[in-house]
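Scroll down for the structure; my scribbles are underneath it.
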């Protein structure tokens with residue numbers, strides 16, 4: 001298998017994730033787009049590890065999965081407390097720090 | 001002539017190897033499914049549907065990991081992402097009372113800017129990828145090489161299973177990062193409870 005096909009797949013997923021982060025207005029939907037981005041990075045790491053016959057790629061992917069789990073936990077906690085204060089998770093309405 | 005490879009002296013492996021057709025066809029089917037599901041994740045108007053499409057993408061990624069002989073990463077992906085993260089996201093959807101039916105306000109009206117950014121970004125990434133790794137192929141034997149210290153002359157010794165090699169690496173060379181990661185997870189989860197609790 002070509003290495004580029006995995007890198008292109010992950011580039012497509014990354015771009016779709018960036019599109020989702022820009023376009024979505026709901027906090028939870030933005031978190032889902034961030035998951036897409038993190039997954040595309042994992043595919044890249046494992047593919048490079050397979051190319052070099054080196055384990056570091058897989059170990060890095062495992063660490064990224066763990067950090068992503070922590071990130072989702074904290075992100076959802078923040079979204080919940082935003083919801084509790086404002087009764088909405090629409091990101092456009094979070095303009096408290098706007099000058 | 002690839003610009004980056006020439007500048008950095010990267011040697012590309014397997015440029016003359018034949019392409020493994022059956023694996024490539026399997027990859028293409030999985031990739032098409034993943035891309036369609038990913039597009040649905042960011043375009044559907046129903047948050048719950050988006051979460052379910054995200055399951056398809058994550059399962060496809062797990063299958064790609066197994067195709068790359070990273071079976072432990074694939075199983076971890078299924079357990080952590082599909083088992084835990086998706087459930088957490090669905091809880092987030094339910095607890096924030098997002099509209100469970102179709103919600104026309106889930107995306108912005110003017111999505112053109114985001115589409116332009118995504119297309120330009122993909123163009124740059126694709127150009128860099130194809131220009132750098134034009135014909136590089138993955139080795140057919142995807143068992144990992146043993147550490148360089150144990151390599152004698154002749155054939156590179158390979159591990160019996162990549163799962164065993166991953167465990168050796170995680171509890172060997174990467175022991176300190178693993179412990180730091182454990183502390184980070186604990187801190188993040190305690191922080192999440194502290195942020196989300198009612199006071």
* Structure fact -> chain B, Gaussian network, Cα under 10 Å: of B:94, B:144, B:34, the residue fluctuating most is B:94
* To do: For each of A:83, B:112, count neighbouring Cβ atoms within 10 Å of the residue's Cβ, then give the residues from fewest to most.
  => B:112, A:83
* To do: Relative to the longest principal axis of the C-alpha atoms of chain B, give the angle of the C-alpha long axis of helix B:175-196, reported between 0 and 90° and rounded to the nearest 10°.
  => 10
* Structure fact -> Of the convex hull drawn through the C-alpha atoms of segment B:18-104, the volume per residue in Å³ is 75
* **Separation between Cα centres of segment A:58-85 and segment B:21-69, rounded to whole Å** => 21
* Structure fact -> In a Gaussian network model of chain B with springs linking alpha carbons closer than 10 Å, the residue among B:130, B:39, B:89 that fluctuates most is B:130
* Structure fact -> Assertion target for B:179, B:71, A:35, ordered by fewest C-beta neighbours within 10 angstrom first, is B:179, B:71, A:35
* **Calculated SAXS-style log₁₀ I(q)/I(0) at q = 0.15, 0.21, 0.23 Å⁻¹ - chain A, Debye, Cα scatterers** => -0.70, -1.04, -1.15
* Tilt relative to chain A, helix A:3-23 - C-alpha long axis, 0 to 90 degrees, to 10 -> 0
* Relative contact order of segment B:18-104: what whole-number percent is it, with Cα pairs under 8 angstrom and at least 6 residues apart? -> 31
* **Solvent-free Debye scattering, log10 I(q)/I(0), computed from the Cα coordinates of chain B at q = 0.19 Å⁻¹** => -1.43
* Structure fact -> With Cα springs under 10 Å, the Gaussian network model of chain B assigns the largest mean-square fluctuation among B:97, B:64, B:23 to B:97
* Just the Cα atoms of the protein assembly as shown, one point each, no solvent: what log10 I(q)/I(0) does Debye give at q = 0.11, 0.13 Å⁻¹? -> -0.72, -0.97
* Relative contact order of chain B, defined on C-alpha pairs under 8 angstrom at six or more residues apart (%) -> 25
* Would you work out the relative contact order for chain A, in percent, from Cα pairs under 8 angstrom that are 6 or more residues apart? => 28
* To do: Rounded to the nearest 10 degrees, what's the angle between the helix B:21-43 long axis and the longest principal axis of chain B, both from Cα atoms, 0 to 90?
  => 20
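Throughout, read-outs are computed from the coordinates displayed, never taken from laboratory work. Being a predicted model, the structure only gives us computed values, none of them experimental. Because the Cβ atoms are built from the backbone with ideal geometry, glycine has one as well, and the counts that use them run over all protein chains shown.
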